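Worksheet for the structure shown next.
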Amino acid sequence: MRYISKAQNIALQKSYSLSVLPNYRYSAPLSDTTSLTDGIYTHGDGNYWTKSTTVGWQSQEVTITIDLKKIENIGSVTFNTIRTENADISYPQNIFVFLSNDNTNFGYVGDAADVSDNLPGNTKIKKFKLDGINKSARYVALTVIPQGIYLFCDEIEVLRGEVIDSSGTKLIARDSFKEFINSLKAPSNNRRNLARLMEKLNLLSLNVPGMNI
């Protein structure tokens with residue numbers, strides 16, 4: 001079953017480009033160029049990664065660049081994905097979000113995956129959301145780093161907002177993306193690993209008599 005997103009979404013039906021074509025053969029075909037912004041979500045987590053409405057990559061990180069066709073006020077960006085520990089499918093390690101007016105120079109606005117509940121576990125669909133962007137741009141680029149072998153997404157939304165922050169953002173040329181992204185990965189990985197360690201310690205304290213962390 002499928003349903004159409006009703007949210008105010010300025011990326012709906014907009015074109016996008018991929019740095020790496022999808023290469024997971026059981027979901028959308030390699031030629032797919034519309035599924036991520038068509039407003040259609042994959043319904044049912046049990047077979048999320050085998051539906052044509054889902055786009056999948058295996059052992060690849062990818063940059064998805066959406067052309068909004070004109071400069072828009074951007075409030076939030078979302079990325080809908082899935083985890084299932086039994087099949088070695090994890091939420092993304094990072095979802096770095098960038099904005100641009102010319103598709104050449106980009107400003108970094110945040111990591112949508114840098115949240116406390118980005119953790120392994122049973123099968124669950126999650127919409128990661130980077131809120132409070134409040135800047136204007138024509139292009140939205142998401143560089144998505146997998147946490148394991150597989151990476152899946154069925155929909156990306158760009159929600160209209162108000163431009164509260166009109167200050168300039170340091171721009172990164174597209175050909176410098178790789179170096180800049182590598183600089184972002186290390187601190188976010190350290191925070192994530194610490195969060196997982198604390199969760200394990202908390203679970204341990206619940207199972208050991210007399211232990212309270």
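The values are calculated or read from the model by the stated rules, or taken from the named source; none is laboratory data. Values in this document were obtained by computation on a predicted structure and should not be read as measured data. Keep in mind that these areas ignore ligands, DNA and RNA; they rest on the heavy atoms of the full protein, side chains included. Shrake-Rupley method; radii C 1.70, N 1.55, O 1.52, S 1.80 Å.
Of note:
- Entries in K14/K127; K70/K135; K69/K135; K69/K126; K69/K127 that, when Cα-Cα distance is taken, lie over 22 Å: K69/K126; K69/K127
- Accessible area of Y24 (1.4 Å probe, protein heavy atoms only, ligands and nucleic acids ignored): about 30 Å².
- Each part reduced to its alpha carbon centroid, the range 100-133 and the range 136-176 end up 8 Å apart.
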